[in-house]
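Enquirer: Could you have a look at this structure, given as structure tokens, before my questions?
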Amino acid sequence: MDKLTWYRVLAIAILLLLCTLPGVWAAPAPATTDYTTTYTITLQKDGSALWTVEYRTPLATDEDLDNFGNYSSDLDSVYLPQLEDLMQRSAAQAAVGTSRPMEADNFSGNAVVQTSPTGKFGVVTYSFSWTNFSVTDGGLTIGDAFAGGLYLDKDSTLIVRYPQGYTVASADPVPDQQSGDGLIWYGLRSFGSGEPQVVLAGPAFPVLPAGLVIIVVIIAAAGFMIYRKRRPDPGPGDVPEDPDDHASPLSEADRVSLEERIVQLLRANGGEQFQSEIVKVLGMPKSTVSSTLNDLHRRGLIQKIKKGRENLIRLVDGSG
């Protein structure tokens, strides 16, 4: 398959992952190519999920670059509407199968050329939100929306990220890798009906005796009063920063990927979101997210607006 043909089928390549959802036509896998695909499902506490699909291919020649430019110019008018139609039908059919209202919305697409020490790459990213994707029962459970199972092509990766404070009670099949905030499966792989099924336990809060609770409240109140008396009043532009959580430095590739995720998250939320919410959704260390936001701000891609003691992050028009 030449590069031009690959760009034309790229927008519906998500069918490789979702081809067996109820009511969706199952497309055959394309011939082996030199692109990689990463599907990331970021679970939210309210049961919704932010989906991100990233395709990455090397641009070794001028012809590759021209073909990628042609694809990019048609992304919003041709390929993004195709994906939107596919996923809205998929969510509607999953809603029937689970007896749970579902909707896919907030679609966005982005195509950029990245240059790294290993060469030049074309990167296409699609994102959208899926409401009621998870079952909320004190924790989070996913899998029932995949009534027909899933398929991961070679050089494809599925990542399921979960909110901070949640723990994995079970995962079937067992993931190939587990990070601090996510489960990872690599292709080539076929999942069975309702797979992957992941059960997450919600944050646990210990139950304290009533008398002990009163004592704790009194001590905390007294400590707060002492703190307020000793602490100088903040200046008009003073906004407290998060303490350093000693996050490990990111590689260049990870930094670029995190920037893309932040931009797509902002686009999926109308172009703006509070910094604290971005940290919660990404499940990344606060200092890592803060450093990345500072880089985007210095490059003029975002604005940081003070709202009380929080930062409102706003995407600059035309960014991404």
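Enquirer: Give me the net charge of Val160's neighbourhood, meaning all other residues with Cβ under 13 Å from the Cβ of Val160; Lys, Arg count +1, Asp, Glu -1.
Expert: So the surrounding residues net to -3.
Enquirer: What number comes out for the charge environment of Ala104, summing +1 per Lys or Arg and -1 per Asp or Glu over other residues with Cβ under 11 Å away?
Expert: That sum, taken over residues with Cβ under 11 Å, equals -3.
Enquirer: Going by C-beta contacts inside 10 Å, put Tyr151, Tyr35 in order with the fewest on the left.
Expert: Tyr151, Tyr35
Enquirer: Provide Ser72, Ser170 in ascending order of the number of other Cβ atoms located within 10 Å of each residue's Cβ, fewest first.
Expert: Ser170, Ser72
Enquirer: Right, next: Find how much the distance from Asp62 to Glu252 grows on full extension, using 0.36 nm per residue of separation minus their present alpha carbon separation; answer in nm with one decimal.
Expert: Contour length minus the Cα-Cα distance gives 66.0 nm.
Enquirer: How many nm separate the modelled label positions at Phe274 and Ser291, each set 7 Å beyond the Cα in the direction of the Cβ?
Expert: So the two model labels end up 2.5 nm from each other.
Enquirer: Strictly over 25 Å apart at the Cα level, which of Lys280/Lys306; Lys120/Lys286; Lys286/Lys307; Lys280/Lys304 would you flag in this model?
Expert: Lys120/Lys286
Enquirer: Tabulate in residue order the Karplus-calculated ³J(HN,Hα) for region 55-60, using 6.51 cos²θ - 1.76 cosθ + 1.60 with θ = phi - 60°, rounded to whole Hz; enter x for Gly and Pro.
Expert: These are the phi-based 3J(HN,Hα) values: 10, 9, 9, x, 10, 7 Hz.
Read the figures in this text as sums done on the coordinates, not as results from a lab. The model shown is predicted, which means the values in this text are computed figures rather than measured ones. Cβ sites come from the backbone with ideal geometry, for glycine too, and all protein chains shown count toward neighbours.
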